[in-house]
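Visitor: My questions will all concern the structure given below.
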Amino acid sequence: MTLKVERLVVEHGAIRAIDGISFEVAEGSLAAVIGSNGAGKTTLLRTLSGLKDAKLGKVSWMGRDITGMKPEDLVRRGLAHVSEGKSVIPELTVKENLALGGLWRNNKTELAQSIEEVVEIFPRLGERMSQRADTLSGGERQMLAIGRAHVSKPSLLLLDEPSLGLAPLVVEQIFQTIAMLCRDRGITVLLVEQNALGALAIADKGIIINLGKVVAQGDAKELIDDPALRSAYLGY
Amino acid sequence: MQQVINVFLIGISIGSIYALMSLALVLVWRSTRVVNFAQAGQAIVTTYVAWEVVNRSGSFLMAFILAVAIGGLIGGLVESGMMRTLFKHASDGPVAAVAPVIATLGLLGVIRALVGLIWTNEGKRFESPVSTAGFVIGDTTLPFSRLNLLIICTAAIVMIVFSILFQRTNLGLALRAAAYNPEIARLSGVKVSMTRTIGWVFAGAAGAVAGILVSSNDTLNPYSLDVLFVFGFVAAVVGGLESLVGAVVGGLVLGVGLSFITFYLGTSLVFPTAFIVLVIVLLVRPSGIFGVKGARSA
Amino acid sequence: MLKRKREESSKREHNPYRRRVLFFLLLGWGLLLLGDRVSELRVYQGALIAIYALAIGSLILLTGYSGQLSLGQGAFMAIGAYAAALTQIYLQPPLIVTFIAAVVVAALFGAIIGGGAARLSGPYLAGTTLALALGLPTLANLFSFLGGETGLYFDVGIAPERFGAEFTLYKWFFWIAALATLIMLFFIQNILKSRYGRAWKAGRANAAAAQLVGLHVGRRKVLAFTISAGVAGLAGALLGMVSLVAPSTFTLSLSFAIITGAVLAGLTSLTGSILGGLVLVIIPEIAEMVSGNFGESEAVTANIPGLITSLLLILTVLFTPNGPAEQWHHHKEKKKQRAL
């Protein structure tokens with residue numbers, strides 16, 4: 001068991017955004033967290049990566065308690081978080097955005113190697129290395145965001161709605177890349193999505209949350225086929 | 001024509017000092033979203049230290065290095081000691097929005113009073129390290145002196161060091177990333193609380209250089225850098241407050257402009273003009289010449 | 001919490017007008033009695049307290065209720081003072097007209113600068129008004145009719161004879177200053193309680209939300225700036241009356257002192273402004289006592305007041321961000337809640 005979330009409670013002022021969530025994600029597997037707007041998905045990820053403090057509960061990673069740790073320290077423990085809405089810095093160039101992910105390692109050769117790997121995965125970024133990130137298309141920005149996370153060499157990758165606002169073809173490509181990162185490189189992935197069908201199709205495990213609570217979790221394929229969940233939460 | 005070139009060069013000389021102060025203000029603004037009204041106050045301390053060292057040892061270089069180091073130290077202490085507490089406490093309430101302004105103003109007052117207690121309020125003559133006599137070409141003596149040349153060169157070196165630091169080093173990348181988007185920077189592993197302090201350290205050092213240069217061949221008292229602060233602020237606003245390049249260009253443009261006004265219209269119009277420039281820039285192009293649109297209402 | 005507060009205040013506002021009139025009448029009467037029983041220096045200081053209170057009130061009106069921080073109140077005070085002095089010198093109208101002229105001229109400048117300032121926020125406005133405070137007094141050297149560094153003499157004459165022979169000049173100053181301040185504070189208090197005042201507050205709390213419910217935030221900010229400048233202008237005319245209408249009176253330090261007073265008063269309570277004025281006058285007194293213990297060197301006497309006020313400013317912002325007055329109020333309310 002690598003990522004373990006136990007009875008997590010997170011509050012925004014008086015509102016309880018996460019109300020006692022528990023789940024586990026096995027090492028090297030891909031888990032999808034599905035829920036509608038306001039279900040608490042983004043808050044969940046922000047708490048896991050240390051941007052938000054938990055009120056109660058515990059998060060552990062590789063057997064270690066990481067509750068309340070700062071994001072910059074979690075990166076050093078192999079956790080990378082691609083936040084909502086193409087998390088790149090538009091004022092920096094593509095190359096600088098990528099390099100940012102590897103700054104903490106302070107190793108030039110490793111950094112160059114990691115950037116090369118990203119270019120292998122997303123050849124389109126290779127052509128735009130010295131362009132500013134704000135000249136990229138939405139899909140390219142999402143690739144850059146995932147690429148930056150990859151440069152930090154994570155063992156656990158948290159992705160917040162990577163498909164948001166992208167064309168279907170690009171979504172397909174992003175999902176395939178995420179699946180590849182998990183299958184070929186052994187990265188544990190926690191994917192948060194509103195696009196239930198696309199996410200569950202590549203996931204091993206599905207976790208459906210609503211109003212800050214887990215309503216169902218289990219094998220992704222079984223969740224897709226559950227008619228009750230379909231109509232109530234998956235929306236298709 | 002020769003006259004025009006002279007006035008221009010003098011303008012570049014004074015403008016490069018404004019540029020340094022403007023740079024200091026922008027560095028602080030980028031790292032913590034605060035205009036540091038105590039920037040000139042911090043610089044007055046280091047300038048007095050430099051004056052003391054010059055008087056005792058006679059070495060301008062040593063005074064300069066010491067002042068820059070202390071300037072950085074003060075900047076770091078102010079950020080980690082005062083500003084951090086401030087941001088922790090004043091998260092809401094009617095004063096929250098203006099709290100940083102008030103706190104830095106308070107700091108300015110404390111620094112001035114302490115400087116006055118140590119060195120008294122009487123003006124101190126800060127001798128120029130080099131000749132202030134104008135260069136002689138043929139049989140005409142220019143108003144442009146060795147001191148002006150020294151000022152321009154020093155400022156240029158500081159700016160080159162900063163630009164290499166920001167554009168070519170890992171630290172620079174971390175500083176820029178933290179300035180543009182602290183959250184993404186943190187998620188990438190940048191220790192943003194540290195980059196904030198570093199921003200103040202660099203600003204303190206830049207301000208120290210500005211303080212020494214502007215005081216050379218002039219009188220020093222606890223209030224003598226007020227004008228430098230205001231012109232530095234105007235330059236920073238003209239440059240957009242976000243951009244380091246803008247800060248430098250803003251300073252140079254202001255320096256040259258005011259130099260021409262001083263020469264052709266007289267000293268008494270310098271302040272009103274600077275103020276009018278400030279108001280016009282804010283009204284016509286609120287984001288400054290180099291700024292991003294819409295940045296100012298936040 | 002907020003809701004309850006509003007309900008409470010609406011209950012309290014049952015008869016707000018009469019109560020406020022009573023409060024200010026009592027205050028005025030108290031001051032009047034004091035004026036007869038203390039030494040000349042104290043009378044002079046009393047006038048200063050009133051003037052500072054008024055200037056602080058003008059800043060509270062601006063900052064506490066519309067969220068704008070002006071570092072340039074000293075500049076508007078200067079405008080008011082010069083306007084009053086020039087009116088008095090060239091037209092010699094009745095005294096009240098002179099003071100009205102000061103208010104109007106300062107408000108006019110406030111409207112012009114406020115037009116630009118309304119688009120600015122936070123540090124931009126602070127920096128711009130700082131430049132104004134530093135730059136404006138230098139104009140005095142530019143036009144000869146402003147009297148240069150020596151400035152102008154704003155002569156309000158001596159007290160009318162019916163006040164008696166014992167009525168000294170300083171008492172006359174005190175009377176004018178206290179009366180003007182009381183009337184003005186009363187006027188500000190009424191603005192703040194009015195629809196406009198609430199609209200300003202709404203604009204401060206959340207510009208976007210205020211816009212949504214149809215409040216024009218920009219225009220109201222300009223209005224707040226204009227009224228504030230007018231009030232500051234009156235304070236400036238009064239200050240010019242007791243000292244001199246010269247650049248040396250309206251320094252940056254004056255602007256800073258007023259900010260200090262306003263912050264100590266809490267930036268939201270107008271009654272606090274009198275307290276703020278008191279503090280500004282008392283601190284130099286305390287400083288004098290302190291510096292007496294350190295041997296009376298000039299460096300000490302010149303810098304101790306600044307040190308004390310600046311330290312107070314920092315400590316206030318760091319530890320009681322809403323001002324000591326409000327903090328105390330808050331504390332009291334909590335106690336009351338616990339008791340219930």
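Visitor: Checking residue C:73 against (1) crowded, with 24+ Cβ neighbours inside 10 Å; (2) free of Cβ contacts under 8 Å to residues at least 24 places away in the same chain: exactly one of these is not met. Which one?
Guide: (2)
Visitor: Among the numbered criteria (1) free of Cβ contacts under 8 Å to residues at least 12 places away in the same chain; (2) closer than 28 Å to residue B:226 by Cα, which one does residue C:289 miss?
Guide: Tallying (1) free of Cβ contacts under 8 Å to residues at least 12 places away in the same chain; (2) closer than 28 Å to residue B:226 by Cα, residue C:289 fails exactly one: (2).
Visitor: For residue B:145, only one of the following conditions fails: (1) out of contact with any Gly (no Cβ under 7 Å at 6 or more places or on another chain); (2) hydroxyl-bearing (Ser, Thr, Tyr); (3) without any contact (Cβ under 8 Å) to a residue 40 or more places away in the chain; (4) within 23 Å of residue B:19 (Cβ to Cβ). What is its number?
Guide: With respect to (1) out of contact with any Gly (no Cβ under 7 Å at 6 or more places or on another chain); (2) hydroxyl-bearing (Ser, Thr, Tyr); (3) without any contact (Cβ under 8 Å) to a residue 40 or more places away in the chain; (4) within 23 Å of residue B:19 (Cβ to Cβ), residue B:145 is out only on (1).
Visitor: Just for the range C:282-298: of the residues that are aliphatic (A, V, I, L, M) and surrounded by 19 or more Cβ atoms within 10 Å (Cβ to Cβ), which one is farthest from the chain's Cα centre (by Cα)?
Guide: C:287
Visitor: Scan the range A:82-99 residue by residue and report those that are more than 8 Å from every other protein chain (Cβ to nearest Cβ) and among the hydroxyl-bearing types (Ser, Thr, Tyr).
Guide: A:93, the sole residue that qualifies.
Visitor: Would you check which residues across the range C:274-304 are closer than 17 Å to residue C:253 by Cβ, out of contact with any Lys or Arg (no Cβ under 9 Å at 6 or more places or on another chain) and facing chain B (nearest Cβ under 8 Å) and list them?
Guide: Once the filter is applied, which keeps residues that are closer than 17 Å to residue C:253 by Cβ, out of contact with any Lys or Arg (no Cβ under 9 Å at 6 or more places or on another chain) and facing chain B (nearest Cβ under 8 Å), the range C:274-304 yields C:298, C:299, C:302, C:304.
Visitor: Taking the range B:235-275, which residues are over 19 Å from the mean Cα position of the chain (by Cα) and either facing chain C (nearest Cβ under 9 Å) or modelled with pLDDT under 85 (or both)?
Guide: Matches in the range B:235-275: B:265, B:266, B:267, B:268, B:269, B:272, B:273.
Visitor: Counting only residues that are in a helix (DSSP H, G or I), within 30 Å of residue B:55 (Cα to Cα) and aliphatic (A, V, I, L, M), how many does the range B:213-260 have?
Guide: 5
Visitor: Which of the numbered conditions does residue B:150 fail, given that it passes all the others? Conditions: (1) within 14 Å of another protein chain (Cβ to nearest Cβ); (2) at negative phi; (3) touching a helix residue (DSSP H, G or I) at 6+ places or on another chain (Cβ under 9 Å).
Guide: (1)
Visitor: Which of the residues belonging to the range A:34-92 are closer than 16 Å to residue A:103 by Cβ, of a type in the set (A, V, I, L, M) and in contact with a strand residue (DSSP E or B) (Cβ under 9 Å, 6 or more places away or on another chain)?
Guide: Selection gives A:74, A:75, A:79, A:80, A:92.
Visitor: Follow-up question, since we're still on this one. Among the residues of the range B:173-183, is any assigned to a helix (DSSP H, G or I), among the aliphatic types (A, V, I, L, M) and away from chain A (no Cβ under 14 Å)?
Guide: Checking the range B:173-183: not a single residue is assigned to a helix (DSSP H, G or I), among the aliphatic types (A, V, I, L, M) and away from chain A (no Cβ under 14 Å).
Visitor: Hey, could you check the range C:306-320 for residues that are within 22 Å of residue C:251 (Cβ to Cβ) and more than 7 Å from every other protein chain (Cβ to nearest Cβ) and say which is surrounded by the most Cβ atoms within 10 Å (Cβ to Cβ)?
Guide: To start, the set of residues in the range C:306-320 that are within 22 Å of residue C:251 (Cβ to Cβ) comprises C:306-314.
If we keep only those that are more than 7 Å from every other protein chain (Cβ to nearest Cβ) too, we end up with C:308, C:312.
Working: C:308: 20, C:312: 18.
Only one residue tops the list, namely C:308.
Visitor: If I filter the range B:55-70 for residues that are assigned to a helix (DSSP H, G or I), touching a Phe, Trp or Tyr at 6+ places or on another chain (Cβ under 6 Å) and not hydrophobic (A, V, I, L, M, F, W, C), do I get at least one hit?
Guide: No, the range B:55-70 has no match at all.
Visitor: Continuing with this model, one more query. Need the failing condition index for residue B:100 against (1) part of a strand (DSSP E or B); (2) within 30 Å of residue C:301 (Cα to Cα), just the number.
Guide: (1)
Visitor: Of A:70, A:58, A:41, which residue is basic (Lys, Arg) and more than 27 Å from residue A:211 (Cβ to Cβ)?
Guide: Just one listed residue meets the conditions, A:70.
Visitor: Output the residues belonging to the range B:27-56 that are of a type in the set (Phe, Trp, Tyr) and within 13 Å of the chain's Cα centre (by Cα).
Guide: Scanning the range B:27-56 gives B:29, B:37.
Visitor: For the range B:159-189, what are the residues that are surrounded by 21 or more Cβ atoms within 10 Å (Cβ to Cβ) and farther than 14 Å from residue B:30 by Cβ?
Guide: Answer for the range B:159-189, where residues must be surrounded by 21 or more Cβ atoms within 10 Å (Cβ to Cβ) and farther than 14 Å from residue B:30 by Cβ: B:184, B:186, B:187, B:188, B:189.
Visitor: Is it the case that residue B:121 is in a helix (DSSP H, G or I) and either more than 23 Å from residue B:217 (Cα to Cα) or not hydroxyl-bearing (Ser, Thr, Tyr) (or both)?
Guide: So residue B:121 does not fit the description; no.
Visitor: A further question follows. Kindly indicate whether any position in the range B:80-101 is farther than 26 Å from residue C:62 by Cα, touching a helix residue (DSSP H, G or I) at 6+ places or on another chain (Cβ under 8 Å) and of a type in the set (Val, Ile, Thr).
Guide: Scanning the range B:80-101, I find at least one residue that is farther than 26 Å from residue C:62 by Cα, touching a helix residue (DSSP H, G or I) at 6+ places or on another chain (Cβ under 8 Å) and of a type in the set (Val, Ile, Thr), so the answer is yes.
Visitor: Let me ask you something else. Condition (residue is among the polar types (S, T, N, Q), without any contact (Cβ under 8 Å) to a residue 12 or more places away in the chain, assigned to a loop (DSSP other than H, G, I, E, B) and more than 30 Å from residue A:134 (Cα to Cα)) applied to the range B:128-140: is it met by at least one residue?
Guide: no
Visitor: On the given criteria, is residue C:248 more than 12 Å from every other protein chain (Cβ to nearest Cβ), out of contact with any strand residue (DSSP E or B) (no Cβ under 7 Å at 6 or more places or on another chain), part of a loop (DSSP other than H, G, I, E, B) and surrounded by fewer than 19 Cβ atoms within 10 Å (Cβ to Cβ)?
Guide: yes
Visitor: Restricting attention to the range A:30-77, and to residues there that are among the β-branched types (Val, Ile, Thr) and within 19 Å of residue A:202 (Cβ to Cβ), which single residue is surrounded by the fewest Cβ atoms within 10 Å (Cβ to Cβ)?
Guide: Among those that are among the β-branched types (Val, Ile, Thr) and within 19 Å of residue A:202 (Cβ to Cβ), it is A:33.
Visitor: Kindly evaluate residue A:47 against the criterion of being in contact with a Leu (Cβ under 9 Å, 6 or more places away or on another chain), under 26 Å from residue B:185 (Cα atoms), free of Cβ contacts under 8 Å to residues at least 40 places away in the same chain and not in a loop (DSSP other than H, G, I, E, B). If you could, list the steps in order and put the result at the bottom.
Guide: Numbers: in contact with a Leu (Cβ under 9 Å, 6 or more places away or on another chain): yes; under 26 Å from residue B:185 (Cα atoms): yes; free of Cβ contacts under 8 Å to residues at least 40 places away in the same chain: yes; not in a loop (DSSP other than H, G, I, E, B): yes.
Yes; evaluated as a whole, the condition is true for this residue.
Visitor: Something else now. I'd like the full set of residues that are within 11 Å of chain B (Cβ to nearest Cβ) and in a helix (DSSP H, G or I), limited to the range C:251-264.
Guide: C:252, C:253, C:255, C:256, C:257, C:259, C:260, C:262, C:263, C:264
Visitor: Hey, among A:27, A:91, A:11, A:6, which residue is under 16 Å from the mean Cα position of the chain (by Cα) and surrounded by fewer than 23 Cβ atoms within 10 Å (Cβ to Cβ)?
Guide: A:27
The values are calculated or read from the model by the stated rules, or taken from the named source; none is laboratory data. From a predicted model like this one, the values you see are computed outputs, not experimental measurements. Here Cβ is always computed from backbone atoms with ideal geometry, including for glycine, and neighbour counts include all displayed protein chains.
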